[in-house]
1. Take the conditions more than 30 Å from residue 8 (Cβ to Cβ) and surrounded by 11 or more Cβ atoms within 10 Å (Cβ to Cβ) and apply them to residue 33. Does it pass?
2. Report, by residue number, each residue of region 80-97 that is outside any helix (DSSP H, G or I) and surrounded by 13 or more Cβ atoms within 10 Å (Cβ to Cβ).
3. Can you tell me which residue within region 25-63, out of those that are closer than 16 Å to residue 91 by Cα and not in a helix (DSSP H, G or I), is nearest to the chain's Cα centre (by Cα)?
4. If the requirement is being touching a strand residue (DSSP E or B) at 6+ places or on another chain (Cβ under 8 Å) and touching a residue at least 60 places away in the same chain (Cβ under 8 Å), which of these qualifies: 84, 33, 91?
5. Which condition breaks for residue 69 when tested against (1) at pLDDT 95 or above; (2) exposed (fewer than 11 other Cβ atoms within 10 Å of the Cβ)?
6. Can you find a residue in region 1-22 that is assigned to a loop (DSSP other than H, G, I, E, B), within 23 Å of residue 117 (Cα to Cα) and at pLDDT below 95?
7. Which one of these does residue 68 not meet: (1) without any contact (Cβ under 8 Å) to a residue 40 or more places away in the chain; (2) within 17 Å of residue 91 (Cβ to Cβ); (3) assigned to a helix (DSSP H, G or I)?
């Protein structure tokens, strides 16, 4: 049996981006920090993503142990996606990215920039 080769990164940021990098993965993961989502919800929340790309990204995130796919045995079929405990460890990073994005939009566009997504309000 052959020993696995040594994986070398210049920085741990590379390892993070290897798993969550790309145009859509951070966005998908950000929405999952607020709870389970179904395919149709993603398509409404991310209108620019194609079904093929969404399916591919969710499949890759599931293969990396970040997202769990829950298939219910019913008609019509129902599938939900949620963060695994390992995936939930990304919540702080994703929310900080969002805060930085808000700051960047304000700095760059001022009143001409807008974010459509309103995070759900915490229930006390």
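1. yes
2. Within region 80-97, 80, 81, 82, 83, 84, 90 meet the criteria.
3. Among those that are closer than 16 Å to residue 91 by Cα and not in a helix (DSSP H, G or I), it is 33.
4. Numbers: 84 fails: touching a residue at least 60 places away in the same chain (Cβ under 8 Å); 91 fails: touching a residue at least 60 places away in the same chain (Cβ under 8 Å).
Checking each option against the conditions leaves just 33.
5. (2)
6. Filtering region 1-22 down to residues assigned to a loop (DSSP other than H, G, I, E, B) leaves 1-11, 21-22.
From what is left, the residues that are within 23 Å of residue 117 (Cα to Cα) are 21-22.
Applying the additional criterion that residues be at pLDDT below 95 yields 21-22.
Yes - at least one qualifying residue is present in region 1-22.
7. (3)
The values are calculated or read from the model by the stated rules, or taken from the named source; none is laboratory data. Not measured: the values here are computed from a predicted model. No Cβ is skipped: glycine too gets one built from the backbone with ideal geometry, and neighbour counts run over all protein chains shown.
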